[in-house]
Amino acid sequence: QVQLVDAGGGLVQAGGSLRLSCAASGSIFSINAMGWYRQAPGKQRELVATISSSGSTNYADAVKGRFTISRENAKNTVYLQMNSLKPEDTAVYYCKAVIRSDYSTRLYTYWGQGTQVTVSS
């Protein structure tokens, strides 16, 4: 059994900062890519940022220069530092991880439960 628990959301004023975290736990053999996605009301879920197992990163154009994704492999945890937040960043943020469990050679995608980020103007 593998699960992701994400946390760190909240209410912040425009221009402020938040740091999200997502910890994977359970019978984990290895973790490949990890990432953050978000879904605003009435919109489709969209990619925010991803990070590979070697640390290569990729960002959506809307967050480049403001958000930073990082991971701590020893803790099976991925972070998203969000600075200079804007009202349009308001959404539920979900972490995602591609994981090989102890019981299989296959890779599976897991999602966190989501954490709400609200940016007021």
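The values are calculated or read from the model by the stated rules, or taken from the named source; none is laboratory data. Remember, it's a predicted structure, so these values are computed and weren't measured experimentally. Note that each Cβ is placed from the backbone with ideal geometry, even for glycine, and that neighbours are counted across all protein chains shown. Protein only, heavy atoms only, side chains kept; ligands, DNA and RNA dropped before computing areas. Shrake-Rupley method; radii C 1.70, N 1.55, O 1.52, S 1.80 Å.
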- [ ] Excluding residues fewer than 8 places away in the same chain, name every one of the aspartates and glutamates whose C-alpha is closer than 20 Å to that of Lys64.
- [x] Glu46, Glu88, Asp89
Open item on the list: Quick check: Cα centre of the range 67-105 to Cα centre of the range 30-66, how many Å?
Closed with: 7 Å
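Under a 1.4 Å probe, what is the accessible area of the chain per residue, stated in Å²?
53 Å²
Please compute the net charge surrounding Asn83, taking Lys and Arg as +1 and Asp and Glu as -1 over other residues with Cβ under 11 Å from its Cβ.
After counting each charged neighbour, the total is +2.
List the trypsin sites (Lys or Arg not before Pro) within the range 5-112 that DSSP assigns to loop and that have no more than 14 neighbouring Cβ atoms inside 10 Å. Walk me through the numbers on the way to the answer.
Details: sites: Arg19, Arg38, Lys43, Arg45, Lys64, Arg66, Arg71, Lys75, Lys96, Arg100, Arg106; in loops: Lys43, Arg45, Lys64, Arg66, Arg106.
For trypsin sites (Lys or Arg not before Pro) across the range 5-112 that sit outside H, G, I, E and B with at most 14 neighbouring Cβ atoms in 10 Å, the list reads Lys43, Lys64, Arg106.
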Task: Net charge of Cβ neighbours under 11 Å - reference Ser30; Lys, Arg +1; Asp, Glu -1 - done: 0
TODO: For Gly114, list long-range residues whose amide hydrogen, built 1.01 Å from N in the peptide plane, is under 5 Å from its own amide hydrogen.
DONE: Asp6, Cys95
Task: Under 16 Å from the Cα of Lys75 - lysines, other chains or at least 8 residues apart - done: Lys96
Open item on the list: From Cα pairs below 8 angstrom and at least 6 apart in sequence, can you work out the relative contact order of the chain, rounded to a whole percent?
Closed with: 36 percent
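Please get the size of the charge dipole for the chain, origin at its Cα centre, with Cβ charges of +1 on Lys and Arg and -1 on Asp and Glu, quoted in debye to the nearest 20.
Details: 12 positive and 7 negative charges, 19 e Å.
Magnitude of the dipole: close to 100 debye.
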Task: Largest to smallest accessible area among Trp36, Trp111 [probe 1.4 Å] - done: Trp111, Trp36
